[in-house]
Amino acid sequence: MNELQHLAIIMDGNGRWAKKNNLPRTAGHYKGVEVVRNITIHANQLGIKCLTVYAFSTENWKRSEDEVSYLMGLPKVFFNSYIKELMENNVKVMMIGDKTKLPSETQRIMNDAIETTKNNTGLILNFAVNYGGRDEIIRAAKAYAEDYKAGKTDELTEDLFKDYLYTKDLPEVDLLIRTSYEQRISNFLLYQIAYSEFIFTETLWPDFSPEELDRCIEEYNHRKRNFGGRNETKSN
Ligand code: V0D
C-alpha cells in the first residue's frame, strides 16, 4: 500500500548536466523530457495518483530568446514521442499556470493532449507551465473578490479558498522533490506545500531515475512511519 497520492517535482539541473557533458543547454532539456516520461510511467506503476512537474516558471521568460523558444517546442517533442504510451498506460494530462501567454502552437499541442487523455483514470500528469505560486494566489484572491462583489459568496475559509486555486481538484501535495543541489522552493506550489515533506537530491534532473524515485519514496514512507500520528498534518 502506498499512501503517497501527490508527488511534485522541481526538475532542476538540465543546464548543469549539459555543461558537465560539454553539450549545449538545450541538450540537457531534451534529455530531461525523456526522464519526465520514465518517471511518469514508474509513478503510475507505483499507484501514485498525481505527479506535478515544474516545466516552466513565470521567471523562465528571462532566459535567452533562443532557450525560451526551444523550451516552448518541448511539449510537442514530448507528445509526439509518448502520447501513444501515455494512452496505453491510462495517464491523464493536466496543466496548471497561465497558458494564454504561451505560443499558440504550444497551447494547441497542450489542449490536444488534455482532450485526448481526459477520460483516462490512471496517474494525472500535471504540467506546471508559466506557473508561479504568488501569481496563482493573487489570481485566486482576485477571482474570490469578483465572486464576493457578485454576491456569490460572503465568507472565506481555507476550504473555500482552495477552489480558486489551479489545483482545486487535486489531492494534497504529500512529497516535493527538487533535484540538483538547490534547497529552495522558487515560487513553486506555495499554498499547497503547507504540510508536504521535502526531499532535495544532488542528482541532476537528466540523471534522475526510477530507482532514485524508489529511494525517495522509501525515505518518505520512513518519515511517515516514524512520525505518523505524532506530527502535525491536515491531509490525513
Ligand atoms: C525542460 C525538464 C516536458 C525541465 C523537463 C514548456 C525543463 C524537460 C514538457 C511538457 C520541459 C510540458 C507540457 C506538456 C507536455 C510536455 C516540458 C517545458 C520544458 C517548457 F503538455 N518537459 N518539458 N515543457 N523540459
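None of the figures in this text is laboratory data; all of them are computed from the coordinates on show. Note that the coordinates shown come from a computational prediction; the quantities given were computed from them, not determined experimentally. Virtual Cβ from ideal backbone geometry, glycine too; neighbours counted across all protein chains shown.
The table below lists the values:
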read-out: Ranking of Cys50, Cys216 by count of other Cβ atoms within 10 Å, fewest first; value: Cys216, Cys50
read-out: Unit charges at the beta carbon, dipole of the stretch 144-236: most positive-side option, Asn187, Leu160, Leu204; value: Leu160
read-out: Phi-based couplings in Hz for the stretch 49-62 (Karplus 6.51, -1.76, 1.60; Gly and Pro marked x); value: 7, 9, 10, 9, 10, 8, 8, 7, 8, 4, 7, 5, 4, 6
read-out: Spin-label zone in the stretch 25-39 - amide nitrogen under 20 Å from a point set 7 Å from the Cα of Ser209 along the C-beta vector; value: 28-39
read-out: Computed label-point distance, nm, for sites Asp98 and Lys142 using a 7 Å Cα→Cβ extension; value: 0.7 nm
read-out: Potential extension, Leu46-Glu34 segment - 0.36 nm per residue separation minus Cα distance; value: 2.5 nm
read-out: Helix-derived mean residue ellipticity, 222 nm - over the chain, DSSP H n ≥ 4, -39500 (n - 2.57), to 500; value: -14000 deg cm²/dmol
read-out: Calculated on alpha-carbon atoms, Rg and Dmax of the stretch 1-118 in Å; value: 14.7, 46
read-out: Residue-count net charge about Ala128 - beta-carbon cut-off 12 Å; Lys, Arg +1, Asp, Glu -1; value: -2
read-out: For the chain: relative contact order, % (alpha-carbon pairs under 8 angstrom, 6 or more apart); value: 28 percent
read-out: Three-way shape label, the stretch 82-236, alpha-carbon gyration tensor, a/c 1.5; value: oblate
read-out: Charge dipole of the stretch 51-208 about the Cα centre (unit charges at C-beta), most positive-ward option of Ser57, Ser69, Met94; value: Ser69
read-out: 3J(HN,Hα) from dihedral phi, the stretch 107-116, Karplus parametrisation 6.51/-1.76/1.60, rounded to Hz, x for glycine, proline; value: 4, 4, 4, 5, 4, 4, 5, 5, 5, 4
read-out: Difference of contour (0.36 nm per residue) and Cα-Cα distance, Arg108 to Asp66; value: 13.0 nm
read-out: Sites Lys168 and Glu218 - FRET efficiency at Förster radius 35 Å, r taken between beta-carbons, to 0.05; value: 0.70
read-out: Cβ-derived FRET efficiency at R0 25 Å, Glu115 paired with Asn90, nearest 0.05; value: 0.95
